[in-house]
1. Restricting to DSSP H runs of at least four residues, report the calculated mean residue ellipticity at 222 nm for the chain, -39500 (n - 2.57) per run over all residues, nearest 500 deg cm²/dmol.
2. Enumerate by residue number the chymotrypsin sites (Phe, Trp or Tyr not before Pro) in the stretch 1-46 meeting two conditions: DSSP loop (anything except H, G, I, E, B), and at most 11 other Cβ atoms within 10 Å of the site's Cβ.
3. Would you work out which of Leu52, Thr30, Val74 lies farthest towards the positive end of the dipole of the chain? Charges go on Cβ: Lys and Arg +1, Asp and Glu -1.
4. When N is the residue count of the chain, what does its C-alpha Rg come to as a fraction of 2.2 N^0.38 Å?
5. Within the chain, which is the longest segment that contains none of the trypsin sites (Lys or Arg not before Pro) sitting in a DSSP loop with at most 10 other Cβ atoms within 10 Å?
6. Set the Förster radius R0 to 25 Å, insert the Cβ-Cβ distance between Ser65 and Thr22 as r into 1/(1 + (r/R0)^6), and round the FRET efficiency to 0.05.
7. Pick out which of Asp60, Asp12, Asp70 has the largest mean-square fluctuation in a Gaussian network model of the chain, springs linking Cα atoms closer than 10 Å.
Amino acid sequence: MKKLFLASSFKDVADIFANFETDLTGKRVTFIPTASMVEKVVFYVSSGRKELEKMGLVVDILDISTASQDEIRVKLKKMILSM
């Protein structure tokens, strides 16, 4: 079964995620920071990405405001297949 974990500020829920999924080292995660592009306060974006990296995850950034539909499809499919 595939799992999906969505969070608006990952740093605040990193400990929950660690319980949600174990053995994270080397697994790929697609990180979509697009919603923060219009915000003035964005420190939580880089801190969330750093938390994922500290867990051993390979972070793949995807800005859906500039990516083509094909790029979005390929990146998300690649992430799903690596699970």
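1. Taken over the chain, the calculation gives -11500 deg cm²/dmol.
2. Passing both the DSSP loop test and the Cβ count: Phe5.
3. Farthest towards the positive pole: Val74.
4. 1.09
5. Answer - 41-83.
6. Rounded to the nearest 0.05, the efficiency is 0.15.
7. Result for the chain, Cα springs under 10 Å: Asp70 fluctuates most.
Quick note: the coordinates plus some simple rules give every number you see, no bench work behind them. In this text the structure is predicted, and so the values were computed from the model without any measurement. Note: ideal-geometry Cβ built from the backbone for every residue, glycine included; neighbour counts use all protein chains shown.
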